[in-house]
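K.L.:
Before I ask anything, here is the structure I am working with.
The values are calculated or read from the model by the stated rules, or taken from the named source; none is laboratory data. Quick caveat: nothing in here was measured; it's all calculated off a predicted structure. Don't worry about glycine lacking a Cβ; one is built from the backbone with ideal geometry, like all the others, and counts go over all protein chains shown. The protein model used for the area step is the full one, side chains on, heavy atoms only, and it has no ligands, DNA or RNA in it. Shrake-Rupley method; radii C 1.70, N 1.55, O 1.52, S 1.80 Å.
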Amino acid sequence: MESFILSEWLLQNFKTLDDSPAYHRLYQLICRAILEGRMGAGARLPSTRDLAAELGIARNTVLQVYDQLSEEGYVRAGVGRGTYVQDISQDLVDPPADPRDPLDHAAAHQDSIHDLSRRGRALVSRLGFSNLQAGAFMPGIPDVREFPLKIWSRIQNRLWRREPWELMRYAPAGGYGPVRQAISDYLGSVRAVRSSAQQVVMTTGIHQGIDVAVRLLCDPGDTVWIEEPAYWGVRNLLLSAGLRLVSIRVDEEGICPSDAEHARPPRLIVVAPSHQYPLGMVMSLARRRMLLDYARQVSCWIIEDDYDSEFRYGSRPLASLQGMDESGRVLYAGSFSKTLCPGLRVGFLVVPEPLADAFADAVAELYREGNMMNHAVLAEFIREGYLAQHIRRVRRCYAERRICLIEQIRSHFGDALEIIGGDAGLHLILALPEGVDDILVVRDALQQGVVTRALSTYYLERTRARSGLLLGYAGVSPEEIRPAFDTLARVINTYL
Ligand SMILES: Cc1ncc(COP(=O)(O)O)c(C=O)c1O
């Protein structure tokens, strides 16, 4: 990136961080530009005098920021004159938090994390997780009150009575055999995933599945494509593994790499083809073929994040990407976090056959897995048809909640605010007009007891970010949705 473009980018973003001191803003933005690969190794930073003039801040502030960046190894002073970006491709990345995001409590401990390794900092300096895990309108969570307690405990009691000593040991590599078989059969029938039980490796969820896949398939500095926008959990996992993230635009057909991006193949591509997160589109057949052909040609891997494809309220979902893959390039990551409950921490990876044993061994070596009692219950729960039955029941329940929320939106705003991705999943997006700062809306709503997430925070590149609110409806009853949306509408109205 030429320095004058960097200045433009800084200027644009500098204004949007208007709550924190100039020094912090500038430091954070330049770090971001380097860590996100906008400025490659050797790129020259603008002179301190020019940058200070352009941003309208004291030159001393720019000097201090350059000094700190130099001390931390992001830049070096050139032999002649000028400041240049260091090669950090072997280092681990460290994207700073957005100090305005009320759900990103990393902002609060920015000053206290300097003792951590780069990898540690990368992990905790821009958090996505929240301790708020219930209530209107926390996205990404099912209604745990709908969990099939009676059936689950009946199966569990039956197993406990049968001398369950085997289930109380560490799990064998890959996990408890019968659950791997049950999942393989289930995925074959509902998602057209092609696998044997040996290819199903049990994990604690999609997070762990992606973590182990990245450890086994990538080295620090490798390039990974992620969708723009994308789920923060996956983004942070990849950043903390020292990977170079390239965020690829999505359109209505899903991920849409440009010719220039095609020309620089990544090591790994992470996509959610059945239900893009958070925008909600389904990847078209043409795009799926393109992606599979490309992965075969350039020998890169694809992780298919299939986190909630069971919840479609109108059309049927397309089959999995993995089921179309003839070259063994796709790893399918799944989980019971949305279909049953997130606290169960049961998920799985379906890996190409030649990798299966290595993955099973690696998971056992790294995490020393157990949890076989839950795996055994789940195996019977699936086999006896209870999973399919439960999903049908909660799908009806979430469909009603979705309609209730859409009615609330329409009654307050008519068609003035667009609803994005409203026909599937556990959340929808209420788009806000350009210029409305969604992070501030989230902050104000939170003060009134309503939890939402800002769409803009899901973008790596803030200049592409759309303004909007992710509203989870699955975890809240219509009786909870109505008053909560009245409150949220009042907040939104103060910004329109
Ligand atoms: C797109 C996406 N992938 C993965 C996950 C997490 O899955 P797990 O609970 O299985 O780790 C989530 C959770 O919200 C998600 O939204």
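K.L.:
Test D438 against the stated conditions and say whether it is among the charged types (D, E, K, R) and open to solvent by less than 20 Å² (accessible area, probe 1.4 Å).
P.N.:
It is true that D438 is among the charged types (D, E, K, R) and open to solvent by less than 20 Å² (accessible area, probe 1.4 Å).
K.L.:
Scan the range 109-121 for residues that are open to solvent by less than 30 Å² (accessible area, probe 1.4 Å) and assigned to a loop (DSSP other than H, G, I, E, B) and report the count.
P.N.:
Going through the range 109-121 one residue at a time, the tally reaches 1.
K.L.:
Test each condition in (1) away from the ligand (no atom under 15 Å from the Cβ); (2) farther than 20 Å from E369 by Cα for P229 and report the one that comes out false.
P.N.:
(1)
K.L.:
Output the number of residues of the range 122-143 satisfying the condition of being modelled with pLDDT of 80 or more, assigned to a helix (DSSP H, G or I) and away from the ligand (no atom under 16 Å from the Cβ).
P.N.:
Of the residues in that region, 1 qualify.
K.L.:
Any idea which residue in the range 262-281 is farthest from the ligand (Cβ to nearest atom), counting only those that are open to solvent by less than 10 Å² (accessible area, probe 1.4 Å), more than 16 Å from G233 (Cα to Cα) and in contact with a helix residue (DSSP H, G or I) (Cβ under 7 Å, 6 or more places away or on another chain)?
P.N.:
Here the answer is L268.
K.L.:
Of the residues D415, D361, which single one is assigned to a loop (DSSP other than H, G, I, E, B), away from the ligand (no atom under 16 Å from the Cβ) and either among the hydroxyl-bearing types (S, T, Y) or open to solvent by 40 Å² or more (accessible area, probe 1.4 Å) (or both)?
P.N.:
D415
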